[in-house]
Amino acid sequence: MVKQRCRVGAVVLAVALAGAALTAAAQGGKIWRCGNEYTNNPGPDPAARGCREVLGGNLTIVEGTRPAAASAPAAGGGAAGSPAGNGRTAAERVAPDQQRQRDLEARRILEQELRRAQERLEQARADYAGGQPPRLANERTDGPRYQARVEELRARVERAEADVAALQRELARLPPAPGEGR
């Protein structure tokens, strides 16, 4: 009885192997690489397509998902049918009066920040005193501490100057205020 089970198992295994071989033969048995594509059906003239037969080893190919055709225009960055080509639909656009109000508010805020930055710059320059600020009590005998404070004050002046310049550039980018010509 044990011998019969072994024979039946061997027969089943042989049939399975024969089925796998038949499947491979039915598919052509050869796998071709045509550029970045792997196929078992390279067409009538594989060499003309630049296909080469893949020899030896196992090859596993996992095909990825393809993007839906409907989502392709949205991924492009702008709607194809949008007027003026700015990527916004008519519903997304802001009315000219509302945009003017936004620009005026932005200008007001930037001018306010510019005044504050100019005040900070004036204070930093006064503290720096042209590189010769008065020594503090704990700096009278400690030269390196004084030099470190002078460098810190100089850096503060440079930062304040950069802030003022940046705010002036931002103001220059805005459209002119009503009654103001460029």
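The values are calculated or read from the model by the stated rules, or taken from the named source; none is laboratory data. Just so you know, these numbers come straight off a predicted model, no measurement behind them. No Cβ is skipped: glycine too gets one built from the backbone with ideal geometry, and neighbour counts run over all protein chains shown. Calculation scope for accessible area: heavy atoms of the full protein, side chains included, ligands and nucleic acids excluded. Shrake-Rupley method; radii C 1.70, N 1.55, O 1.52, S 1.80 Å.
Taking R0 as 45 Å, what FRET efficiency do you get between Arg140 and Gln112 from their Cβ-Cβ distance, rounded to the nearest 0.05?
0.65
Toward the positive end of the charge dipole of segment 107-179, about the Cα centre and with charges on Cβ (Lys, Arg +1; Asp, Glu -1), which of Pro144, Gln132, Pro176 goes farthest?
The Cα lying farthest towards the positive end belongs to Pro176.
Which ³J(HN,Hα) values in Hz, rounded to whole numbers, follow from the phi angles of segment 146-155 under the Karplus curve 6.51 cos²θ - 1.76 cosθ + 1.60, where θ = phi - 60° and Gly and Pro get x?
5, 4, 5, 5, 4, 5, 5, 5, 5, 5
Would you list Tyr38, Tyr146, Tyr128 from the most to the least accessible area, probe 1.4 Å?
Listed by decreasing accessible area, they come as Tyr38, Tyr128, Tyr146.
Per-residue HN-Hα couplings for segment 39-54, Karplus 6.51 cos²θ - 1.76 cosθ + 1.60 at θ = phi - 60°, whole Hz, x for Gly and Pro?
With the stated coefficients, segment 39-54 comes to 8, 9, 9, x, x, x, 10, x, 5, 5, 7, x, 8, 10, 6, 8 Hz.
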